[in-house]
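Below is one structure; the comments refer to it alone.
The values are calculated or read from the model by the stated rules, or taken from the named source; none is laboratory data. Nothing here was measured: the structure is a model prediction, and the numbers come from that model. Neighbour counts run over all protein chains shown; Cβ positions are idealised from the backbone, glycine included. SASA here: full protein model, heavy atoms, side chains in, ligands and nucleic acids out. Shrake-Rupley method; radii C 1.70, N 1.55, O 1.52, S 1.80 Å.
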4 protein chains.
Amino acid sequence: MSLAMCKEELAEYLAVVFPQVKEDFAIDDLTEDSVTMRLLTADRHLRPGGTVSGPSMFALADVCVYAMVLARLGRMALAVTTSCSMDFMRKPEGQAQMIAKCRLLKLGRTLAVGDILMYSEGSDKPVARATMTYSVPPAGSAASVAG
Amino acid sequence: MSLAMCKEELAEYLAVVFPQVKEDFAIDDLTEDSVTMRLLTADRHLRPGGTVSGPSMFALADVCVYAMVLARLGRMALAVTTSCSMDFMRKPEGQAQMIAKCRLLKLGRTLAVGDILMYSEGSDKPVARATMTYSVPPAGSAASVAG
Amino acid sequence: MSLAMCKEELAEYLAVVFPQVKEDFAIDDLTEDSVTMRLLTADRHLRPGGTVSGPSMFALADVCVYAMVLARLGRMALAVTTSCSMDFMRKPEGQAQMIAKCRLLKLGRTLAVGDILMYSEGSDKPVARATMTYSVPPAGSAASVAG
Amino acid sequence: MSLAMCKEELAEYLAVVFPQVKEDFAIDDLTEDSVTMRLLTADRHLRPGGTVSGPSMFALADVCVYAMVLARLGRMALAVTTSCSMDFMRKPEGQAQMIAKCRLLKLGRTLAVGDILMYSEGSDKPVARATMTYSVPPAGSAASVAG
């Protein structure tokens, strides 16, 4: 098991296939089975009450597992989310960036599973957890070489 | 069991406490235990490939259960999502509006649960399903009278 | 879309590949995209307090989607559960049989998704909901002809 | 934050309020925010194919969070599961005991959330993951002093 892309290559590829990533997310750290990303919290990520919105946290969890799959399998833009579960446990701090720590639990022939804990930067109490399952295009398929 | 707000009152209250609703979502139908809402699909809701993004579908499912809770309990802006599960089953049509049909499965003293099927308008195959759980502030608490 | 097995053939096949089904579950109704099954509630299905246990409800939801996949695809014993989400909403009645109404939401090339509402017989308030995802062995694979 | 019961007291209390625990599960380790338990795998926990069944893994995940809540809050038999999500990632070994490592992510006034990774003993690849949410009876309520 090894990485197909380093952190810099991954950030560059994500910026190409998923342009909104560049403004919204940054990669802090990448290993063979984990990635740490952050939400560059801005007004557009907040909900009434001034906390980070659910859709923004969903997007952060989702991009982590997408990034992890790309980092391991290489340029495979068409991996798609098939399911997710999330628990929202504490109020996210609207003034802080949000840090997501993702572990890759499985990278199989057709499915990848990652779980994520999210924190408001500076706190060690998890704000939310998520599990995301991705469908991975079979090696050699048209989809797997797209992008 | 009865509604605390009709469809028009609900739309008006949502527009006040959750201003982005106005541009992104519309209420098609409301009963005592169901609501049908639509995503007014625009470029900002799409992801690479031109399909509706995961965060946009999350937001649509989430606003349905929020709307359902408000319609039943009245002006209680501080109900918050505590958990969700979603399955993404088909490619959503990026050119179509997305219709969400939500059933309220439970409205308890502290928790409300709704499930949602989402369709690209004009198709009867579900694109995604979701279940959202909300924490409802206890009647008479400060939170329950806020907003 | 059509059924590969009728209700009686399905019950017979389940009894062969999954012998505990015979004592624990019965099929009430089967259509091309739905199945209704019941838990033949006995003492071994109860938990402290005399209500139906979580694992028994999990098993009921799980067997519904398994049965649905078999009914559509034929004798394919090796379909396996890949994920589930459940919400427990009301106290199940320990004296009543439990009825599960399952809709098949997707039957794809590699994944099948079904959702389930469970009721204590005689009540119309759902006790629990579940979504189960199955991995379906590719047509023609060794797994797909086993059993 | 501290424990209301040590490992031995917890095992004893579980055996009283939840008698099947004694034969099916053992507590390996307990800290203020984690518990490790094992399934004492026997024939009754297996499914066709000789692997550990889904309901048995559900039961293992469920008892972990129940044990964790009791260990922290004391004798509160009536805490109940309100939701779960599970992902089944690898084939569990039917000959091995199953080890579950549970982290308590939140212990709030009304809800507790724990997540669990499960392994076949002797392997470091997770077989399954689960998140369980419990509803905790309010302090001082009849339910909280039952059992």
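Longest exposed-loop-site-free stretch of chain D, with GluC sites (Glu not before Pro), DSSP loop and at most 13 other Cβ within 10 Å? Walk me through the intermediate numbers first.
Values: sites that count: D:32, D:121.
That gives D:33-120 as the longest site-free run.
Could you sort A:106, A:101, B:7 by their accessible area in this structure, using a 1.4 Å probe and putting the largest first?
Working: A:106 50, A:101 110, B:7 70 Å².
Output order, biggest surface exposure first: A:101, B:7, A:106.
Unpartnered cysteines of the protein assembly as shown (Cβ-Cβ under 4.7 Å counts as a partner)?
A:6, A:84, B:6, B:84, C:6, C:84, D:6, D:84
Provide the buried accessible surface between chains C and D in square angstrom, both chains summed, 1.4 Å probe, rounded to the nearest 100. Walk me through the intermediate numbers first.
Values: alone 7450 and 7440 Å², together 13370 Å².
Heavy-atom accessible area buried at this interface is about 1500 Å².
Among the listed pairs C:125/D:22; A:125/B:125; A:125/C:125; B:91/C:101; A:106/C:91; B:91/C:22, which have their C-alpha atoms separated by more than 32 angstrom in this model? Walk me through the numbers on the way to the answer.
On the way: C:125/D:22 34 Å; A:125/B:125 40 Å; A:125/C:125 37 Å; B:91/C:101 26 Å; A:106/C:91 35 Å; B:91/C:22 38 Å.
Among C:125/D:22; A:125/B:125; A:125/C:125; B:91/C:101; A:106/C:91; B:91/C:22, the Cα-Cα distance tops 32 Å for C:125/D:22; A:125/B:125; A:125/C:125; A:106/C:91; B:91/C:22.
For region D:1-63 and region B:59-117, what is the separation of their C-alpha centers, rounded to whole Å?
Cα centres, region D:1-63 to region B:59-117: 34 Å.
In nm to one decimal, list the spacings between the residue C:33 label point and its equivalents in the other copies, with label points set 7 Å along Cα to Cβ, shortest first.
2.2, 4.0, 4.6
Along region A:112-119, what does the Karplus equation 6.51 cos²θ - 1.76 cosθ + 1.60 (θ = phi - 60°) give for ³J(HN,Hα), rounded to whole Hz, x for Gly and Pro?
10, 10, x, 10, 9, 10, 10, 10
Would you please classify the overall shape of region C:59-130 from the alpha carbon gyration tensor, given that a ≥ b ≥ c denote the square roots of the eigenvalues, rounded means a/c under 1.5, and beyond that prolate means a/b larger than b/c while oblate covers the rest?
Working: a/c = 2.55, a/b = 2.10, b/c = 1.22.
Note, shape of region C:59-130 comes out prolate.
Which trypsin sites (Lys or Arg not before Pro) does region B:21-84 hold that lie in a coil by DSSP with at most 16 other beta carbons within 10 Å? Write down the numbers at each step before the final one.
Details: sites: B:22, B:38, B:44, B:72, B:75; in loops: B:75.
Answer by residue number: B:75.
List the distances, in nm to one decimal, from the label point of residue A:48 to the label points of the same position in every other copy, shortest first, placing each label point 7 Å from Cα along the Cα-to-Cβ direction.
3.5, 4.2, 5.1
Got a sec? Which residues of region B:89-109 lose 50 Å² or more of accessible surface with every protein chain in place, vs. that chain alone, 1.4 Å probe?
Relative to the lone chain, where solvent access is computed with a 1.4 Å probe, region B:89-109 loses at least 50 Å² at B:89, B:103, B:105, B:106.
Note down the magnitude of the dipole of the protein assembly as shown about its Cα centre, charges +1 on Lys and Arg C-beta and -1 on Asp and Glu C-beta and zero elsewhere, to the nearest 20 debye. Write out the running numbers ahead of the final one.
Values: 60 positive and 64 negative charges, 0 e Å.
Rounded to the nearest 20 debye, it is 0 debye.
Under the rule a/c < 1.5 gives rounded, and otherwise a/b versus b/c splits prolate from oblate, where does the protein assembly as shown land using the Cα gyration tensor?
Judged from the Cα gyration tensor, the protein assembly as shown comes out rounded (a/c under 1.5).
Could you pull the copy-to-copy label distances for residue B:1, with points set 7 Å along Cα to Cβ, in nm to one decimal and sorted shortest first?
2.7, 3.8, 4.6
Spin-label point model (7 Å from Cα, Cβ direction): what's the residue C:31 to residue D:95 distance in nm?
4.8
How high is the relative contact order of chain D, in percent, counting Cα pairs under 8 Å that sit 6 or more residues apart? Don't skip to the answer; put the middle values down first.
Working: 305 pairs, mean separation 35.9, N = 147.
Answer for chain D is 24 percent.
What's the angle, to the nearest 10 degrees (0 to 90), between helix B:54-73's Cα axis and the longest principal axis of chain B?
Long axis of B:54-73 versus the principal axis of chain B: about 30 degrees.
Using a 1.4 Å probe over the heavy atoms of the protein chains, calculate the carbon and sulfur portion of the accessible area of the protein assembly as shown as a whole percent.
Numbers: 12090 of 23740 Å².
Looking at the protein assembly as shown in its full context, I get 51 percent from C and S.
Charges only on Cβ, +1 for Lys and Arg, -1 for Asp and Glu: so what's the dipole of chain B about the Cα centre, in debye to the nearest 20?
Numbers: 15 positive and 16 negative charges, 78 e Å.
It comes to approximately 380 debye.
Scan chain A for the residue whose Cβ is closest to the axis carrying it onto chain D, then write down that distance in whole angstrom.
Here the value is A:85, 2.
What's the whole-number percent of alpha carbon pairs in region D:7-145 lying beyond 20 angstrom?
It works out to 42 percent of all Cα pairs.
Any chance you could give the angle, 0 to 90 degrees and rounded to 10, that helix A:7-17 forms with the longest Cα principal axis of chain A?
Helix A:7-17 and the main axis of chain A meet at about 90 degrees.
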